[in-house]
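First comes the structure, then the notes that go with it.
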Amino acid sequence: MKITDVRAVQPACPSPPDWRTSMGQILVALDTDAGLTGHGVGGGGKAGVHVVRTVLRDTLLGRDPERIGELWEVMYAATLAFGRKGLAVMALSGADLALWDLRGKAERRPVAELLGGSVERPIPTYHTAWDEILPECVGQYRAFKLHIGEGLARDRVEAVAGAVERARAAVGRDCPLMIDAWMKWDVATTLQIAWRLAPLKVGWIEEPLSPDDLAGYADLRDQCPIPIAGGEHEFTSLGFAPLIAERLHQILQPDVCWCGGLTDLISIYRLARVAGLRVCPHRGAEVWGLHALAALDPDPLAESGRPWMTWVTGQPPIHDGFIRLTGEPGFGAGIDESCLQTL
Ligand SMILES: [Mg+2]
């Protein structure tokens with residue numbers, strides 16, 4: 001089998017009016033002389049599309065898509081001068097996922113089975129809510145995460161505590177509850193908030209600091225009474241290696257559509273397993289990550305997907321807080337190919 005075309009587009013969708021629109025998710029399609037097309041989702045918006053249509057296209061055309069590990073290394077090397085982290089790796093991730101989708105379609109098996117897992121495994125899910133947890137969501141998921149919003153700058157400790165108290169009251173005493181600060185705090189603020197929240201049984205604090213503040217994360221590892229999660233904005237197993245070696249995050253959250261695709265998510269799982277750390281992939285309930293959770297994760301918890309990704313169908317439903325893969329080959333995603341006709 002040979003790759004005959006490499007296509008990419010940023011499909012229009014009702015994403016939030018911030019970077020997720022301008023630099024949002026892209027679709028990558030790899031066509032082959034066997035008549036099969038593999039699909040993957042990456043990131044980086046139109047800049048990511050440009051990376052795929054130029055450097056990655058030059059790299060992949062005419063190659064055997066079965067040699068995924070080799071092609072990952074070639075793509076990484078081809079983008080090294082301007083890549084390593086950020087949107088070039090987000091673009092590479094989409095191409096890597098398309099290669100895995102092709103392998104599954106060629107073998108007529110779901111990706112989870114290629115990884116040694118089973119599509120029958122029910123996976124518990126958690127829901128990410130912005131600012132408040134709506135009553136109609138309670139009972140539909142096994143756990144919840146509260147995304148702490150922008151409007152909490154004044155008297156931040158008490159404002160966060162109030163929001164988490166309301167969330168705890170909404171979900172009940174025993175339901176796991178986590179919070180996400182999305183890189184907006186510093187060490188002192190995080191510690192103040194963590195000690196204030198200690199009675200509320202918060203499962204983790206996610207990304208309290210900039211991903212580059214490794215010294216700050218070391219302070220939190222040593223002093224914070226609540227486990228620290230992060231990695232949604234880290235890239236490749238090379239980027240995760242120091243986080244894991246120093247145990248700077250207790251829960252690792254690679255995003256398979258950004259971190260280097262499934263190939264590097266597998267490497268991150270391997271590193272985490274050796275270190276005894278938990279992996280809880282960002283947006284893990286979306287089909288692109290769900291196969292890895294089903295196959296590789298000893299204690300899976302899948303984060304709810306993003307509702308604005310309307311151009312991907314085939315997403316399995318969540319029942320009673322659990323999600324289960326279908327037996328469709330590859331990732332089992334349905335793609336509206338008409339969005340690729342607008343090139
Ligand atoms: Mg997050």
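The values are calculated or read from the model by the stated rules, or taken from the named source; none is laboratory data. Computed from a predicted model, the values in this text were never measured in an experiment. Reconstructed Cβ throughout: ideal geometry from the backbone, glycine too, with neighbour counts over all protein chains shown.
Points worth noting:
- Candidates L248, L293, L265, filtered to the one that is of a type outside the set (S, T, Y) and either over 21 Å from G104 (Cβ atoms) or in a loop (DSSP other than H, G, I, E, B) (or both): L248
- Every residue from segment 200-214 that is farther than 12 Å from P176 by Cα and within 13 Å of the ligand (Cβ to nearest atom): I205, E206, E207, P208, L209, P211
- Under the condition of being part of a strand (DSSP E or B) and surrounded by fewer than 19 Cβ atoms within 10 Å (Cβ to Cβ), the residues counted in segment 1-31 number 3.
- All positions within segment 270-296 that are within 16 Å of the ligand (Cβ to nearest atom) and either more than 16 Å from G116 (Cα to Cα) or modelled with pLDDT under 95 (or both): R278, V279, C280, P281, H282, R283, G284, A285, E286
- Here H282 passes the criteria (1) assigned to a loop (DSSP other than H, G, I, E, B); (2) touching a Pro at 6+ places or on another chain (Cβ under 6 Å) except the one numbered (2).
- So R324, is it in contact with a strand residue (DSSP E or B) (Cβ under 8 Å, 6 or more places away or on another chain), among the basic types (K, R) and closer than 19 Å to G117 by Cα: yes
- Filter pass, G40 being within 19 Å of F331 (Cβ to Cβ), buried (at least 22 other Cβ atoms within 10 Å of the Cβ), modelled with pLDDT of 95 or more and not basic (K, R): yes
- Of residues in segment 173-183 being under 16 Å from D131 (Cβ atoms) and surrounded by 18 or more Cβ atoms within 10 Å (Cβ to Cβ), the one farthest from the ligand (Cβ to nearest atom): L177
- Qualifying residue in segment 92-114 (condition: within 16 Å of the ligand (Cβ to nearest atom) and either surrounded by fewer than 18 Cβ atoms within 10 Å (Cβ to Cβ) or in a loop (DSSP other than H, G, I, E, B) (or both)): no
- Residues satisfying the stated conditions in segment 298-343, i.e. polar (S, T, N, Q) and either free of Cβ contacts under 8 Å to residues at least 12 places away in the same chain or not in a helix (DSSP H, G or I) (or both): S304, T310, T313, Q315, T326, S338, Q341
- Tally, over segment 219-236, of residues that are part of a loop (DSSP other than H, G, I, E, B) and farther than 15 Å from Q253 by Cα: 3
- Put simply, of G162, G203, G216, G239 the only residue that is touching a residue at least 40 places away in the same chain (Cβ under 8 Å) and in a helix (DSSP H, G or I) is G239.
- Any chance A170 is under 30 Å from L80 (Cα atoms), more than 24 Å from the chain's Cα centre (by Cα), assigned to a helix (DSSP H, G or I) and at pLDDT 95 or above: no
- Scanning segment 130-146 for residues that are modelled with pLDDT under 95 and outside any loop (DSSP other than H, G, I, E, B) yields a total of 4.
- Subset of segment 81-90 (residues that are out of contact with any helix residue (DSSP H, G or I) (no Cβ under 9 Å at 6 or more places or on another chain) and either exposed (fewer than 15 other Cβ atoms within 10 Å of the Cβ) or part of a helix (DSSP H, G or I) (or both)): A81
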